[in-house]
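K.L.:
I'd like to ask some things about the structure below.
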Ligand code: G3I
């Protein structure tokens, strides 16, 4: 029993959750992850500003603690994340020449991956490199390089540091914006064609209850699978009003079922990470005012109908 055991019995690799020492300090969170999860993703502790806040000054405490929790409890780990425009320390954002930025990316990727070598199933080597209209997102990386080759630098450094880790390109709204999805898929194909090691694509899947993208969610997974990489659902949550109506609650259950069923029916889809355990700790209310209720356990750690929908999706 438990979501991870259920999905493994159907041939998938994991159901996981984001976690960090903060959320794990709550034993209810910890017990649910132990019982229901087979993988953890650090919600914040491996982001650049957390782990290398000033140059060559690494802050390993929280990341080590999360990795130890995972290893002690037999959970896989998804590393998150290196090249990202957000939660990036100012000292990196200030770099204005390509040679320096290249060596800084290489050094950061190499140092972090070497520390956890052999322990990480997959890394989000780059995150959110597109705008929703499908154009390349402005960041210190894209601005200094002027093209996509900052990705070549990051993925090549990652492969060299831990050849057994799967290397992913991760993004959001791939289920929502067809321009973004099309260009994301083309970028992965282009990278692979020029020999850049991309092993997996991550679709974050921060979804909205009742959104029309959800019934066709499997189409998104099918498009991603045309990259011939492993497809991972990396940050699933489905938000609604923070005090939902009964119809929103039941729609959410249906929506979870559709998403999970889409993964089950797509052979390239390897596993699903849910972006939190309980609504109490979800990122949603602090970013989308009045919204929340996005996860499988409510703020009191009671299983919701969303959980039942998730299980129906596994069995669909
Ligand atoms: O740790 C500090 C604390 O010391 C300080 O007092 C407090 C005051 O605001 O902030 C705390 O940091 C917060 C951090 O989470 C840890 O709780 C940041 O403000 C807050 O911005 C940060 O939010 C995270 C967010 O990424 C930042 O972009 C969320 O927890 C995390 O769930 C969210 O995750 C992202 C994925 O990495 C990428 N995809 C989108 C997803 C949702 O935004």
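The values are calculated or read from the model by the stated rules, or taken from the named source; none is laboratory data. Since we're looking at a predicted model, the values are computed, not measured. Cβ placement follows ideal geometry from the backbone for every residue including glycine, while neighbour counts extend to all protein chains displayed.
K.L.:
Surrounded by 18 or more Cβ atoms within 10 Å (Cβ to Cβ) and within 16 Å of the ligand (Cβ to nearest atom): does that describe residue 196? Spell out the reasoning first.
P.N.:
Working: surrounded by 18 or more Cβ atoms within 10 Å (Cβ to Cβ): yes; within 16 Å of the ligand (Cβ to nearest atom): no.
Answer is no for this residue.
K.L.:
When the range 266-279 is examined, which residues are found to be within 16 Å of the ligand (Cβ to nearest atom) and closer than 16 Å to residue 76 by Cβ? Give the steps one after another, and end with the answer.
P.N.:
Initially, the range 266-279 is screened for residues within 16 Å of the ligand (Cβ to nearest atom), giving 272-279.
Scanning the range 266-279 gives 272, 273, 274.
K.L.:
Just a yes or no: is a residue in the range 149-172 in a loop (DSSP other than H, G, I, E, B), surrounded by 19 or more Cβ atoms within 10 Å (Cβ to Cβ), within 16 Å of the ligand (Cβ to nearest atom) and at pLDDT 95 or above?
P.N.:
Yes.
K.L.:
Scan the range 200-212 residue by residue and report those that are surrounded by fewer than 19 Cβ atoms within 10 Å (Cβ to Cβ) and more than 16 Å from the ligand (Cβ to nearest atom).
P.N.:
210, 211, 212
K.L.:
Further question: Could you pull out the residue among 262, 292, 271 that is buried (at least 16 other Cβ atoms within 10 Å of the Cβ), touching a strand residue (DSSP E or B) at 6+ places or on another chain (Cβ under 9 Å), touching a residue at least 24 places away in the same chain (Cβ under 8 Å) and within 23 Å of residue 129 (Cα to Cα)?
P.N.:
From the options 262, 292, 271, the qualifying one is 271.
K.L.:
Checking residue 49 against (1) under 25 Å from residue 188 (Cα atoms); (2) assigned to a helix (DSSP H, G or I); (3) within 16 Å of the ligand (Cβ to nearest atom), which test does it fail?
P.N.:
(1)
K.L.:
Given the conditions (1) crowded, with 16+ Cβ neighbours inside 10 Å; (2) within 20 Å of the chain's Cα centre (by Cα), report the number of the one that residue 64 does not fulfil.
P.N.:
(1) is the only condition that residue 64 fails.
K.L.:
Then there's this: Considering only residues that are assigned to a helix (DSSP H, G or I) and under 18 Å from the mean Cα position of the chain (by Cα), look in the range 280-299 and name the one that is nearest to the ligand (Cβ to nearest atom).
P.N.:
So, considering only residues that are assigned to a helix (DSSP H, G or I) and under 18 Å from the mean Cα position of the chain (by Cα), the one nearest to the ligand (Cβ to nearest atom) is 287.
K.L.:
Go through (1) part of a loop (DSSP other than H, G, I, E, B); (2) away from the ligand (no atom under 16 Å from the Cβ); (3) within 16 Å of residue 50 (Cβ to Cβ) and name the single condition residue 113 misses.
P.N.:
Tallying (1) part of a loop (DSSP other than H, G, I, E, B); (2) away from the ligand (no atom under 16 Å from the Cβ); (3) within 16 Å of residue 50 (Cβ to Cβ), residue 113 fails exactly one: (1).
K.L.:
Going through the range 210-239 one residue at a time, which ones are over 19 Å from residue 158 (Cβ atoms) and touching a residue at least 60 places away in the same chain (Cβ under 8 Å)?
P.N.:
Across the range 210-239, the qualifying residues are 235, 238.
K.L.:
Any idea how many residues of the range 5-43 are within 16 Å of the ligand (Cβ to nearest atom), part of a helix (DSSP H, G or I) and out of contact with any strand residue (DSSP E or B) (no Cβ under 8 Å at 6 or more places or on another chain)?
P.N.:
Residues in the range 5-43 being within 16 Å of the ligand (Cβ to nearest atom), part of a helix (DSSP H, G or I) and out of contact with any strand residue (DSSP E or B) (no Cβ under 8 Å at 6 or more places or on another chain): 4 in total.
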